[in-house]
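Only one structure is covered here, and it is reproduced in the block below.
The values are calculated or read from the model by the stated rules, or taken from the named source; none is laboratory data. Owing to the predicted nature of the structure, the values given are computational and were not obtained by experimental measurement. Ideal geometry is used to build each Cβ from the backbone, glycine not excepted, and the neighbour counts take in all protein chains shown. What goes into the accessible areas is simple: the full protein's heavy atoms, side chains included, and nothing from ligands, DNA or RNA. Shrake-Rupley method; radii C 1.70, N 1.55, O 1.52, S 1.80 Å.
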Amino acid sequence: MKISRLVPDESGIIAWPTLSVSKKSVVTVGVFDGMHRGHQALLRRVKDLATQHESFSVVVMFDPRPGVIHQYAAAHGGAEAGDADQLDDSLELMGIDDRLRFMRQIGIDQVFIIRYTLAFSAKSYRFFLGQLVGKLGMRTLVLGKDAAMGAGRAGDVKAIDTLAQATGVFELDVMDDLGPGYTRVPSRIIPDPPAQAGEPEDPTAGMTKAEYRAWSKKHDAKQVRVWSSTNARYLLSQGRIAAANEVLGHCHCIDGLVVRGEQRGRTLGFPTANLDVNITGYVPADGVYAGWLVDLGESSGSESEDATRISAAPSMDARVAKGSPWRWAAAISIGTKQTYVEQTGLTERVVESYAISDDWLDLYGHTVRVEFAAFLRPQVRFDGSEDLSEQLKRDVEQTRSLTD
């Protein structure tokens, strides 16, 4: 799979490369955050059509997420965002490298990662599609039914289909609605840690229509597809890992650099891998979870080199595969270490994982992946280290049973 990063100029124009003077392409466009089941089905459709027509399978992906750029502009008087480091995207489900890994597994030929800017977003969908036809040889565009693109999102599937039929230079292939339909989620996704042990239940389950309407009004809820990044993000914010993983079709995960913590876990007999604050992926609600810890290798100290290392398949695929020597079942804690907060004065939110292994693992300076399988219990304050240690033993045993 070939990956190209393209940055629009100040006027929003992209210097697209020419894929081929003779071979056509089947294209899809989007962000693909989370790579949920709907995304995966769409990409497989692109690959299947490309194989049928002996064409390139092409993905045009935006980074950063468009919503982040528009939010930045709204907060800064309409200014264009500069360096991506300025942007706070705490709602991003999955990093670019993981999205690329899924695309590689599906067999996509070419991915264009477009630096999304306000100037680029101001271009009409007609202009954008014209460039895809002219430069990428697009013969077929594959989209979901609710897709929209171009200035003001005027290019919905109806408008694009009209354009395709009028010009005759490409055809539109619209995917049918996928998944179990629609649901409603609060317009503002605010983390709400579960108060009880065990997988949290759907708070709307069993509600009457009147109660559901009242709940929707109270939370200013909006309708979204069940198979959507928005729904997955909401479920994770509530600690509903099993439900989120069902939407995603894979375990939700985050990546981060292992740094030195307070070393308290070691004194308790449960040494943990503490993640640096710069985490890639959406961090679920506070609590204790069962899952896995995957060693992605020692950090090179260079972001660009790390990105190349992490996204490089086959070593990545080998590391994340079940049963690999770099992957361990793990009890995962997210929170503020309530038992010791008065003693230490530290209130920062920490992600730490205890890898269940007979060997001592020195992961300092390594990039690791934390995969979530199930919610175990809420964070609670214990009377002391002995009580906490006993609970950690129970967490480990429960993790073993859930990850075998």
Qualifying residue in segment 58-66 (condition: of a type outside the set (A, V, I, L, M), open to solvent by less than 40 Å² (accessible area, probe 1.4 Å) and assigned to a helix (DSSP H, G or I)): yes
Failed condition for ARG139, given (1) out of contact with any strand residue (DSSP E or B) (no Cβ under 8 Å at 6 or more places or on another chain); (2) open to solvent by 50 Å² or more (accessible area, probe 1.4 Å); (3) not hydroxyl-bearing (Ser, Thr, Tyr); (4) not in a helix (DSSP H, G or I): (1)
Residue, nearest to the chain's Cα centre (by Cα), within segment 93-136, restricted to residues that are among the polar types (S, T, N, Q) and assigned to a helix (DSSP H, G or I): GLN105
Top-ranked residue in segment 21-30 [being over 14 Å from ARG225 (Cβ atoms) and of a type outside the set (Ser, Thr, Tyr); ranked as surrounded by the fewest Cβ atoms within 10 Å (Cβ to Cβ)]: VAL21
So ASP33, is it surrounded by 13 or more Cβ atoms within 10 Å (Cβ to Cβ), among the acidic types (Asp, Glu), out of contact with any Gly (no Cβ under 8 Å at 6 or more places or on another chain) and outside any strand (DSSP E or B): yes
Residue satisfying all of: in segment 95-117; touching a Phe, Trp or Tyr at 6+ places or on another chain (Cβ under 9 Å) and open to solvent by 20 Å² or more (accessible area, probe 1.4 Å); farthest from ILE14 (Cα to Cα) among these: PHE102
Residues that are open to solvent by 60 Å² or more (accessible area, probe 1.4 Å) and closer than 21 Å to TYR125 by Cα, drawn from segment 1-10: ARG5, VAL7, ASP9, GLU10
Every residue from segment 7-32 that is within 27 Å of the chain's Cα centre (by Cα) and closer than 23 Å to LEU172 by Cβ: ILE14, TRP16, SER25, VAL26, VAL27, THR28, VAL29, GLY30, VAL31, PHE32
Breaking point among (1) assigned to a helix (DSSP H, G or I); (2) crowded, with 19+ Cβ neighbours inside 10 Å, for VAL258: (1)
